[in-house]
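No value in this document is a laboratory result; all are computed from the given coordinates. Keep in mind the model is a prediction, meaning the values are calculated, not measured. Cβ placement follows ideal geometry from the backbone for every residue including glycine, while neighbour counts extend to all protein chains displayed.
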Amino acid sequence: MRDPATPTAETPTSAERDELRRQGILLTSIEEIYNWGRSRSVWPLQFGLACCAIEMIAASMARFDIARFGSEVFRPSPRQADLLIVSGTVTKKMAPQVVRLWNQMPEPKFCFAMGACAISGGPFKQGYNVLKGIDRYIPVDIYIPGCPPRPEALLHALMQLQEKIRGQRLTGPSAPPHLQAGAACDCPVPAFGGHDLEPPKNPALWQPPVLVRKEGA
Amino acid sequence: MSFSLPSPLESAPGARVRAVRDPFHGDLLEVSMGPHHPSTHGVFRMNVTLDGETVVKLKPVFGYLHRNHEKIGENASYLGSMPYTDRLDYLCSMTNNWAYALAVERLSGQTVPERAEYLRVILAELTRLLNHTCFAGFILQDCGASGTPLMYAFREREKILDLFESLSGSRMMCNFQRFGGCRADATPEWLEAARALVDGYGEFEELLTGNEILMARTQGVGRLPAKLAVGAGITGPMLRASGVGYDLRKVDGYGVYPRLDFRVPVGADGDTYDRYMVRVLEMRESIKILRQALGTLPGGPVMDPKARLRGFRAKPGEVYSRIEGPKGEIGFFLISDGGPNPYRYRVRPPSFINLTVLEDLCLGHSIADTVVILGSIDIVLGEVDR
Amino acid sequence: METPDQIRDRLLARFPGASVAVVANPGPAAQHSLLLGSGEARAMAEFLRDSPGLRLDFCSNVTGVDWLDREVTDVASKTIPDPAGGPPKLVEQRTKRLQPGYLEVVYHLYSVELRHGPVVLRLRTGNRSDRVAVPSLTPVWRSCEFQEREVFDLFGVVFDGHPDLRRILMWDEFKDHPMRKDYVEPDDYEWEPTPHADVLAKARRHYPAAAPAAKEEPAP
């Protein structure tokens, strides 16, 4: 199949395509139309943990209106959702449930870490019950900084996700997981230990940064 | 397998509990509602044992948002804990800030200028309006009106958030009160905008108050007797809906509330409809308070000139201080050992203690009523689990 | 409203021989408290709730406090006659002793009926290790139910007579009592841009300094 990204003499340019579209003829590839449809109908899961959840609800309300981006319905069931917006602090008590929800979501699925707490533990980082970032257990696509991020920041993240989806290639090694045969889809669920979660992180997904400290610092 | 009804708690009057030893009814069903649930107002879990659709036992499970706020309070300075108080009841950050600032001021014997007291009252009543509006939106969402009342509620909320943002810099996490006053002064334009908002408020709840479906879903549901409410430490609109006229703005008379004229709405039956109506009436009283406070706001500084924020140390001692937040009595218990950090920092969370009677209210009702009763208690998990 | 001294006298009149003491609260707030002995604490609490002058029917707040072993200085002053015949001298003798640590539970009571309060009660455990039981006041005030469970969960105080004493905020398999002053968190430190104070000590432990020629490079 010819790669539409590299134009040849036979491939129509985008100016030509616009001209054709104005005449009522749509010239596209299956990949573009498939990704266009997918990116314009991302349905998030109704999943709010803490304060960022209120800004997420505000993003779905009339002023900021996430519905115009296609996320009209926030599904209560993970089986019907595409996007997990982890909005708020993930505590160690809640972390196994978050991973279970992630596992129950069917592919293709995406994850936002909304707010400082979901990215790295946030202001509550020094805590015995706070998970220092949800990316310790599940893969995160987009990180939204803020405490809480404004609803516009969530919309910006959704637009970034749409760009990411539109740029996905359907064939080849970089195809999304739901089009790859045999791709692993379940993340291991941590168990409650006597002092901490076991394991404290998923080593396949997250490793602590390797640093060398300057002498005297 | 054999099951029996739970013994030590009496059912609330008006609840209907069917006998379980009936050949047609089989085993009881235990359902875990939450921690991920569209209607539990956050990560709250209820282990509900059902006989058909009737609740026979309900055990709440907490801790899914336990962010060790109190331990952080011991390790942070007094002022360093102020942004964390925003995140307790994250809908009502201004009142949390005030409760904490009041506690530290009582601990260290500081005074607050008069303009700051009026400004605190204005912000607290705006927060009460915001909270009760969101409450109405959420409880109707729980009743099944999927989304529309919540849209109206959030539209009103956005107007108040615009005011908060222009005054404190942030929509939700305002971090506005300081020990000895407020962080910034309100400009005349801001006061004008606040007056315009207060005059234009109120269309939202007119649409709901006489609604037949709301009345059918909430009247007679979840009756809370007054004696049980007082013994269980219930505070706020939930206590007043049960007929106990205990409002800290009148009882303790903190701030400049003794100078303002307002009434305290008290319910008659203690059911969910009364809890809803008490909050609606409180919104009207808040508008009255706001008109008075905005009209009589004096000039002067908003911060005590002698107040010292950097390097603040309180003398050794302890204090428990409380205010009437929108959800109930929010109190702070601080023990100081003379250092820059408190020795013990404790938050008295109204939502957590109001949940003491959740099982009593839900016994004998159907599972759909459980959601409405939980909505009428008006909890915020940041406060329940801290 | 009666002062703590008057309440103590009333309690001693009703329960002669009970252990009741007033703990003074320094500082401007002046909320003095009553330290009750564990033996008759529940009966005294019921008396406070039902007595006509007090009617403390509303328990607002239950707090746990962890006091570690502390060095306390006792000051004893005595007069010594001057051997040279002058006026007697006042000499202060300071003795340091180790006061063993204990866990404390503080109750704040109000009266909704009579609109007064707060009355502050304190219950202390024997020590922090094996004698950690105090009587539960949940049968007296229902609002203590969840709050005493929280003190049990986070501090380890066992409340005798509590209807349902189990962990409330941490998961059931958790073993420690995190709000104690000597609790050590699990070590899962990771890099952060501006470590300071005790976080800086953690950072230094985790990332030992390299030889002087090495540079600091955060991983991407």
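Once every DSSP H run of n ≥ 4 in chain B is given -39500 (n - 2.57) and the sum is divided by its residues, what mean residue ellipticity at 222 nm do you get, rounded to the nearest 500 deg cm²/dmol? Estimated from H runs of four or more residues: -13000 deg cm²/dmol. In a reduced charge model with +1 at each Lys and Arg Cβ and -1 at each Asp and Glu Cβ, the protein assembly as shown shows a dipole moment near 1380 debye about its Cα centre. Once you reduce the stretch C:104-135 and the stretch B:50-124 to the center of their Cα atoms, the two points are 22 Å from each other. Residues considered: C:Asp57, C:Asp66, C:Asp188. Largest GNM mean-square fluctuation over chain C, using C-alpha springs under 10 Å, is found at C:Asp188.
Once you have a ≥ b ≥ c as the square roots of the Cα gyration tensor eigenvalues for the stretch B:258-349, tell me rounded if a/c is under 1.5, and otherwise prolate or oblate according to whether a/b is larger than b/c. Judged from the Cα gyration tensor, the stretch B:258-349 comes out oblate (a/c at least 1.5, b/c at or above a/b). For the stretch A:27-91, pairs of C-alpha atoms spaced more than 13 angstrom apart make up 66 percent of the total. Against the main long axis of the alpha-carbon atoms of chain B, helix B:272-295 sits at an angle near 10°. Remark: the stretch B:207-219, residue by residue, has Karplus-estimated 3J(HN,Hα) of 6, 10, 5, x, 5, 5, 5, 4, 5, 5, 6, 10, 7 Hz, where x stands for each Gly or Pro and the curve is 6.51 cos²θ - 1.76 cosθ + 1.60 at θ = phi - 60°.
Does chain C classify as rounded, prolate or oblate by the C-alpha gyration tensor (a ≥ b ≥ c root eigenvalues; a/c under 1.5 gives rounded; else a/b over b/c gives prolate, otherwise oblate)? In terms of gyration-tensor shape, oblate.
With a ≥ b ≥ c taken as the square roots of the eigenvalues of the C-alpha gyration tensor of the stretch B:229-291, please select rounded if a/c is under 1.5 and otherwise prolate if a/b is larger than b/c or oblate if it is not? Since a/c reaches 1.5 but b/c is at least a/b, the shape of the stretch B:229-291 is classed as oblate. In chain B, the longest principal axis of the Cα atoms and the axis of helix B:93-108 are about 60 degrees apart. Put in order of Cβ neighbour count within 10 Å, fewest first, the listed residues C:Glu185, A:Glu55, C:Glu173 become C:Glu173, C:Glu185, A:Glu55.
From least to most packed, judged by other beta carbons within 10 angstrom and beginning with the fewest, A:Trp206, C:Trp171 follow the order A:Trp206, C:Trp171.
The convex hull around the C-alpha trace of the stretch A:38-169, projected and averaged over every direction, spans 7.1 square nanometres. Put in line by how crowded their Cβ is, counting other Cβ atoms within 10 Å and starting with the fewest, B:Leu361, B:Leu228 read B:Leu228, B:Leu361. The label point for B:Ala226 and the one for A:Thr171, both projected 7 Å from the Cα toward the Cβ, are 7.9 nm apart. Comparing B:Gly270, B:Gly339, B:Gly236 in a Gaussian network model of chain B, where Cα atoms under 10 Å apart are tied by springs, the biggest mean-square fluctuation is seen for B:Gly339. Annotation for C:Val158 and B:Asn75: the two label points, set 7 Å from Cα along the Cα-Cβ direction, are 3.0 nm apart. Within the shell of other residues whose beta carbon sits under 11 angstrom from the beta carbon of C:Glu145, the net charge comes to -2, with Lys and Arg scored +1 and Asp and Glu -1.
Within the set of other residues whose C-beta is less than 9 Å from the C-beta of C:Val72, count the net charge using Lys and Arg as +1 and Asp and Glu as -1. Around C:Val72, the surrounding residues sum to +1.
Taking the inverse of the mean 1/r over every pair of distinct Cα atoms in the protein assembly as shown gives a Kirkwood hydrodynamic radius of 29.1 Å. How high is the FRET efficiency from C:Asp5 to A:Ser77, r the C-beta distance, R0 56 Å, rounded to 0.05? Computed FRET efficiency for C:Asp5 and A:Ser77: 0.35. Placing +1 on the Cβ of every Lys and Arg and -1 on the Cβ of every Asp and Glu, with no other charges, gives the stretch A:15-84 a dipole of roughly 200 debye about its Cα centre. Neighbours of C:Glu113 by Cβ distance under 13 Å: Lys/Arg scored +1, Asp/Glu scored -1, total +2. Using all pairs of distinct alpha-carbon atoms, the Kirkwood hydrodynamic radius of the stretch B:69-385 works out to 19.9 angstrom. Computed over chain B with a Gaussian network model linking Cα atoms closer than 10 Å, the most mobile of B:Glu318, B:Glu125, B:Glu282 is B:Glu318. Only helices enter the 222 nm calculation for chain C: every DSSP H run of n ≥ 4 contributes -39,500 (n - 2.57), and dividing by all residues gives -5500 deg cm²/dmol, rounded to 500.
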